[in-house]
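Take a look at the structure below.
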Amino acid sequence: MLNEKHPTQAMFDRQAELWTCNRLLASLPPPATERLRPFLEMISAEKGDTLFEPGDDVSHAYFPLGRTVIAFTLPLRDGRAIEAATVGREGVVGGIISLGVKPAFARAVIRIPGDLARVGIQRLEEAKRAEPRLQENLTRYADCLIAQVLQSVACATVHPLEARCSRWLLMMQDRLQAPQLPMTQDALAEMFGVARTYVTRMARGLQRKGAISYRRGVIRIEDRAVLEASACECYGLVRDHFERVLPGIYPTREP
Ligand SMILES: [Zn+2]
């Protein structure tokens, strides 16, 4: 359930601490932040909460705060939902490019629970028209998100499961800034569109290399360098594109 609350309001109200909340919001010049701030509403979300489904009118844009991560997934007729993109504190979900309320194409679901700041789409559109930097940064972010999706097409087509999963784990660690990641092997299998047995075998391989450990539904990254060596080039390509388009916003390392 989405709950309205104000868990990080005090922190959020201080511009300097906005970086620990959402780096895209924090990148805006103060006039743009101030224009949005009165309309930003704090909510908290649980794992698996759905922000919108394909075909839904997108009523709000959601900025993940802190360690919250949203996934774009594509629900298939057989009941599976394949992950297409991952959005954490470096980004926003909903109404980035569209002018006003438009139907969603993918499902937006909470992958890692936590707090979000949301703003009504009409308010966001007004703020974009008034603040060119807001418009520019959201457009630049959209470019980074498209890059992530485009690279994922190539990745899913030709790269082996271990490389794809290593890439995904690195992306998640960047957003979480923590070694532990709550994720069952069943969830990984659904996300990558493969049988559970493949995921089990792949996870054992990464454990043998010392890259990760896996216990009771929690993946722990033990050696990031080994995991980076196991990942395909897709991880670095998307991260580097992000760095060129929106310098300093991708959460590679926290200060
Ligand atoms: Zn790849």
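We did not get these values from a lab; they are worked out from the coordinates using the rules stated. Computed from a predicted model, the values in this text were never measured in an experiment. Here the Cβ is made from the backbone with ideal geometry for all residues, glycine too, and neighbour counts use every protein chain on show.
Structure values in brief
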item	result
Exposed GluC sites (Glu not before Pro) absent: longest stretch of the chain, with sites in DSSP loops and at most 16 other Cβ within 10 Å deemed exposed	47-221
FRET efficiency for residue 177 and residue 143, using Cβ-Cβ distance with R0 set to 25 Å, rounded to 0.05	0.55
Debye-sum result for the range 44-149 in log10 I(q)/I(0), which assumes one identical scatterer on each alpha carbon, at q = 0.16, 0.20 Å⁻¹	-0.68, -1.06
If the convex hull is drawn through the Cα atoms of the range 155-245, its volume per residue in Å³	95
Reference-scaled alpha-carbon Rg (2.2 N^0.38 Å with N residues) for the range 86-143	1.15
Length gained when the stretch residue 157-residue 213 is fully extended (0.36 nm per residue, less Cα-Cα span)	17.5 nm
The chain - convex hull of the alpha-carbon atoms, volume per residue in Å³	121
Relative contact order [Cα under 8 Å, 6+ residues apart], the chain, whole percent	20
Where labels lie 7 Å past Cα in the beta-carbon direction, separation of residue 244 and residue 47 in nm	3.7
In the range 43-102, the chymotrypsin sites (Phe, Trp or Tyr not before Pro) that fall in loop regions by DSSP, at most 15 other Cβ within 10 Å	none
Distance (nanometres) between label positions extended 7 Å along Cα→Cβ at residue 233 and residue 197	3.4
Range in the chain, longest, excluding exposed trypsin sites (Lys or Arg not before Pro) [loop by DSSP; at most 14 other beta-carbon atoms within 10 Å]	81-215
Cut-off 20 Å (backbone N to label point 7 Å along Cα→Cβ of residue 122), residues of the range 38-56	38-42, 56
Net charge contributed by nearby residues that have their C-beta within less than 11 Å of residue 231 (K/R +1, D/E -1)	+1
